[in-house]
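Novice: One structure, as structure tokens, below. Some questions next.
A short reminder: the numbers here are calculations on the coordinates, not readings from a lab. Keep in mind it's a predicted model, so treat the numbers as computed, not measured. Every residue, glycine among them, receives a Cβ derived from its backbone with ideal geometry; neighbour counts consider all protein chains shown.
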Ligand SMILES: [Zn+2]
């Protein structure tokens with residue numbers, strides 16, 4: 001389907017997320033080219049027709065959701081490492097599988113992941129670590145074709161440790177620093193700001209223990225001189241804290257500050273193990289945290305202090321992480337967890353409400369991408385990344401408080417229509433840019449071949465007759 005020149009979404013329940021957070025109970029959105037031109041009550045709309053008119057009766061109309069921490073290559077290894085300890089999870093499963101990837105596996109996994117993200121209302125994402133062996137070009141081409149907005153971060157590393165465990169990394173996952181920087185340079189020139197401006201190329205620093213101070217400083221300099229951004233896992237495990245204390249005599253933020261890593265152009269994934277005082281440093285420097293509640297629970301990493309982060313003004317976004325740690329790429333379900341998990345920890349059910357987590361998923365994600373003036377809300381002049389959720393569902397009745405209903409009772413599979421940059425990627429639950437049947441078939445085939453190549457046998461714990 002070609003991109004319509006204009007789209008009118010009419011008669012929807014429009015959650016604008018504008019600065020006044022206005023909701024329009026019977027609202028319409030007019031889109032021209034890639035931009036939103038008008039958002040108003042249906043009866044007040046100036047624009048009354050368009051090349052494509054979508055009747056959004058019974059639909060919630062929200063800004064596109066952003067997944068601010070994604071491993072595209074882990075969709076293919078979904079459910080391959082459940083209920084195991086974090087170190088075993090990495091050392092015996094995830095790294096071994098990913099360390100046996102071919103570029104064809106990388107593309108099959110990326111397409112599977114993007115199909116799931118579009119289907120569940122994600123319009124933009126931050127892929128945190130593309131290994132050379134996954135095939136950067138194939139992944140970028142897949143993102144270009146899928147129509148999503150994406151930051152693709154090339155892995156940067158020069159050591160083989162993980163936190164305070166030296167030489168632990170699977171050989172197939174090891175990369176050389178010069179090659180990492182060279183490839184990032186090539187990919188930046190080829191893909192950054194391409195695909196109608198939807199693609200960005202970032203630096204994806206590997207975790208502590210895999211990057212020396214010299215390389216951290218080189219990357220910070222290169223990224224800032226290019227005007228691009230960086231992401232890395234930080235404080236996911238308590239071993240990170242031990243690593244910087246034992247090796248540098250510092251706290252996580254003390255070390256990050258000395259390396260030049262703090263700032264609005266950095267997205268730290270997880271951020272579970274910061275001390276309270278460190279959160280003020282993150283707020284002062286406007287360093288982004290991508291909160292990944294499902295992954296943190298599944299791997300027993302702990303609970304990020306998100307309510308305190310928000311109170312202090314730390315920019316927080318949401319991330320689904322990966323296929324073996326979540327195991328879905330559904331930001332709506334992630335919102336539910338983010339709203340729930342902080343309540344028992346704090347003993348206060350008011351500590352995280354539905355509106356706050358929707359802000360994290362839309363505006364917080366936009367800020368993590370450095371695009372908060374372009375996406376994250378439905379306002380004239382912003383890019384048209386719009387999601388329509390079908391609320392006429394048995395599991396969502398009665399729909400008296402739609403935002404709360406979406407967060408607490410919803411899931412991404414209620415999403416009906418997804419528009420990115422003014423282009424419909426899904427209509428009536430049918431993907432328009434990706435061949436889902438082919439993607440599923442390819443994923444099953446590549447997964448089987450990968451498991452055989454890696455010598456990993458995944459089977460249910462109960463006897464299969
Ligand atoms: Zn991750």
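Novice: When you count, for each residue, the other Cβ atoms within 10 Å and take the mean per peptide, how do 179-186, 146-153, 44-51, 9-16 rank with the highest first?
Specialist: My ranking of the peptides, most packed first, is 146-153, 9-16, 179-186, 44-51.
Novice: Another question, then. Among DSSP bridges having both ends in the range 29-176, what percentage is antiparallel? Round to the nearest 5.
Specialist: In the range 29-176, DSSP labels about 35 percent of beta bridges as antiparallel.
Novice: Simple spin-label model, 7 Å along Cα-to-Cβ: residue 176 to residue 79 in nm?
Specialist: Modelled inter-label distance: 4.0 nm.
Novice: Sticking with this one: Sort 134, 248 so that the residue with the fewest other Cβ atoms within 10 Å of its own Cβ comes first and the one with the most comes last.
Specialist: 248, 134
Novice: Ok, one more. Alpha carbons only, please: Rg and Dmax for the range 76-134, in angstrom.
Specialist: Here Rg and the maximum Cα pair distance are 12.7, 33 Å.
Novice: Relative to the longest principal axis of the chain, what angle (0 to 90°, nearest 10) does the C-alpha long axis of helix 213-226 take?
Specialist: 30 degrees
Novice: At q = 0.10, 0.13, 0.21 Å⁻¹, what is the log10 ratio I(q)/I(0) for the range 224-374, with the Debye formula run over Cα points and no solvent?
Specialist: -0.32, -0.55, -1.44
Novice: For the chain, take the longest principal axis of its alpha carbons; what is the angle in degrees between that and the long axis of helix 436-454, to the nearest 10 within 0 to 90?
Specialist: 10 degrees
Novice: In the range 437-460, whose amide N lies under 15 Å from the spot 7 Å out along Cα-to-Cβ of residue 102? List them in ranges.
Specialist: 442-455
Novice: Follow-up. Starting from the Cα-Cα distance between residue 355 and residue 464, subtract it from 0.36 nm times their residue separation and give me the gain in nm to one decimal.
Specialist: Full extension from residue 355 to residue 464 adds 34.8 nm.
Novice: How would you rank 298, 311, going from fewest to most other Cβ atoms within 10 Å of each one's own Cβ?
Specialist: Starting with the residue having the fewest Cβ neighbours, the order is 311, 298.
Novice: Please rank 170, 243, fewest neighbouring Cβ atoms within 10 Å first, as an exposure proxy.
Specialist: Arranged by neighbour count, lowest to highest, 170, 243 become 170, 243.
Novice: A further question follows. Where a ≥ b ≥ c are the square roots of the eigenvalues of the C-alpha gyration tensor, would you call the range 399-465 rounded, which needs a/c under 1.5, or, failing that, prolate if a/b is larger than b/c, or oblate?
Specialist: It is oblate, given that a/c is not under 1.5 and a/b is not larger than b/c.
Novice: If each of residue 275 and residue 449 carries a label point 7 Å out from its Cα toward its Cβ, how far apart are those two points in nm?
Specialist: Reported label-point gap for residue 275 and residue 449 is 5.1 nm.
Novice: Same structure, new question: Enter the Cα centre distance for the pair the range 383-453 and the range 239-312, rounded to the nearest angstrom.
Specialist: 31 Å
Novice: Using every alpha carbon pair in the range 294-386, what percent of pairs falls into each 5 Å bin from 0 up to the bin containing the largest distance?
Specialist: Bin by bin from 0 Å, the calculated values are 3, 13, 22, 24, 20, 12, 6, 2, 0.
Novice: Something else: Calculate the tail of P(r) for the range 183-313: the fraction of all Cα-Cα distances greater than 19 Å, expressed in %.
Specialist: 50 percent
Novice: Inverting the mean 1/r over all pairs of different Cα atoms, compute the Kirkwood radius of the range 1-126 and quote it in Å.
Specialist: In the range 1-126 this quantity evaluates to 17.6 Å.
Novice: For the chain, restrict the atom set to alpha-carbon positions and state the Rg and Dmax in Å.
Specialist: Rg, Dmax (Cα atoms, Å): 21.3, 65.
Novice: Find how much the distance from residue 190 to residue 441 grows on full extension, using 0.36 nm per residue of separation minus their present alpha carbon separation; answer in nm with one decimal.
Specialist: Fully extending the segment from residue 190 to residue 441 adds 87.3 nm.
Novice: I would also like to ask the following. Counting only DSSP beta bridges with both residues in the chain, tell me the antiparallel percent, nearest 5.
Specialist: 45 percent
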